[in-house]
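Okay, so here's the structure we're looking at.
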Amino acid sequence: MGEMCAIYYFSATGNSLAVALELAQKLDAPPPISIPGSLILDDPYAAAREASQVGFVFPVHRATLPEMVRGFIKQMPKRPDCYYFAISTYTIFGCNEFWDIDELLGADGSFLNYAAGVKTMGSVGLIDPDSRTMARRLASMTEQVGEIAEAVGNYQENCFTRSSKLLGNLVKTYTDVLRRAIVFRVDRRCTKCGICAQVCPAQNITISEEDGAAPTRSDRCEACYACIHWCPANAIAANSRLHSHYHHPHIKPEQLNPSRVAASEQGTPLS
Ligand SMILES: Cc1cc2nc3c(=O)[nH]c(=O)nc-3n(C[C@H](O)[C@H](O)[C@H](O)COP(=O)(O)O)c2cc1C
Ligand code: SF4
Ligand code: SF4
């Protein structure tokens, strides 16, 4: 086993990808690997089998980790001699994500060695961040990733048990109910550009060739809202049209779920 660091990421609006790219650069690690992209490969875990450090970078969704990330870590072959780290990105607060990952790793005798949250600008709410807030937050994200890279580079361990499991469980239960009730609508502003299908981590959207037909959604939705945030025509709404339209300013839609090689082409978007 070499001294390789494998960084896996999931990202709906680009924040976690930006963090993963910056972290990989600071650690001099190979380019981060898309979790949705890996899941369609014959061996989604090839890099993790060889690495001495395995990391996960992902957004907090409903007070914990996205379901696709949970499934990915659950199925991953774990190695007790490997150093595992998890970096969540969030807008308000993280909660149960590190508890949950530690539990998933623990089922096979491993554990989460290091965990940290990065406060980002957000994809939750009604209002898009203004340019001053964006600039401030980008600088702060770079600083936070610098501290994380130093800790991970030194194989530091930490304790993440300050978050409240009870609060996280309540938020998740409440929002899971809301999630089941989501109805997506696409209106006539749709230009059939295909971006919603490209950014969807679940390959859940199909663009029809038929004249006038809107993109159709299947039943694999992760409720990540990437399609809404990235639609350049603002043509998708979930229940209400009152939704912010945010994505990380330096990330392009084609970078989100690509093969490992394509993800590395953009350099580091935070700095
Ligand atoms: C469905 C959904 C649920 C979210 N839940 C939370 C949450 O519980 N707490 C929080 O602080 N941020 C929450 N967020 C905000 C994201 O965690 C945050 O914007 C993150 O940086 C997005 O990362 P990404 O751009 O890599 O997708 C949520 C976002 C979405 C789309
Ligand atoms: S991203 Fe928007 S405009 Fe483009 S195909 Fe999807 S719904 Fe239509
Ligand atoms: S269809 Fe569902 S999984 Fe796909 S981008 Fe939209 S919200 Fe995310």
> How far apart, in nm, are the 7 Å Cα→Cβ label points at Cys159 and His245?
Replying inline: 4.7 nm
> Hey, fewest Cβ within 10 Å first, where do Trp230, Trp99 land in order?
Replying inline: Trp99, Trp230
>> So for each of 73-79, 130-136, 198-204 I average, over its residues, the number of other beta carbons within 10 Å; can you give me the resulting order with the highest mean first?
In response: 198-204, 73-79, 130-136
> Expressed in nm², what is the orientationally averaged projection area of the convex hull enclosing the Cα positions of the range 182-238?
Replying inline: 3.4 nm²
> Which are the unpartnered cysteines of the chain, meaning those with no other cysteine Cβ under 4.7 Å from their Cβ?
Replying inline: Cys5, Cys82, Cys95, Cys159, Cys190, Cys193, Cys200, Cys221, Cys224, Cys231
>> Give me the extension gain from Leu166 to Ser208: residue separation times 0.36 nm, minus the current Cα-Cα distance, reported in nm with one decimal.
In response: 10.7 nm
> Taking only the alpha-carbon positions of the range 76-115 and ignoring solvent, what does the Debye formula give for the base-10 log of I(q)/I(0) at q = 0.33 Å⁻¹?
Replying inline: -1.18
> Taking every eigenvalue of the Cα gyration tensor of the range 1-98, multiplying by 5 and rooting it, what semi-axes result, largest first, whole Å?
Replying inline: 20, 15, 13
> In the range 130-213, what chymotrypsin sites (Phe, Trp or Tyr not before Pro) fall in a loop by DSSP, with at most 12 other Cβ atoms inside 10 Å?
Replying inline: Tyr155
>> Pick from Leu166, Leu39, Leu17 the residue whose mean-square fluctuation is largest in a GNM of the chain, springs joining Cα atoms under 10 Å.
In response: Leu166
> About its Cα centre, how strong a charge dipole does the chain have in debye, to the nearest 20, once Lys and Arg get +1 and Asp and Glu get -1 at the Cβ?
Replying inline: 920 debye
>> I need the trypsin sites (Lys or Arg not before Pro) found in the range 186-236, filtered to DSSP loop residues with at most 13 other beta carbons within 10 Å of theirs.
In response: Arg188, Arg189, Arg220
>> If you split all Cα-Cα distances of the chain into 10 Å bins from zero, what percentages do you get per bin, shortest first?
In response: 7, 30, 37, 20, 5, 0
>> Below 17 Å, Cα to Cα, which aspartates and glutamates can Lys78 reach? Residues fewer than 8 away in the same chain don't count.
In response: Glu3, Asp43, Glu50, Asp100, Asp102, Glu103, Asp108
> Extension gain Lys252-Glu150, at 0.36 nm per residue separation less the Cα-Cα distance, in nm?
Replying inline: 34.0 nm
>> From zero outward in steps of 10 Å, how is the percent of C-alpha pairs of the range 75-201 spread across the bins?
In response: 10, 27, 34, 23, 6, 0
>> Expected output is a single nm value to one decimal: the length gained when fully extending between Ile92 and Ser52, i.e. 0.36 nm times separation in residues minus the C-alpha distance. What is it?
In response: 11.2 nm
> Given labels modelled 7 Å from the Cα in the Cβ direction, how far is it in nm from Ile182 to Ile40?
Replying inline: 2.0 nm
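Every number in this text was worked out from the coordinates using simple rules, so none of it is lab data. On a predicted model such as this, the values are computed, not experimentally measured, just so you know. FYI the Cβ positions are ideal-geometry reconstructions off the backbone, even for glycines, and counts take in every protein chain you see.
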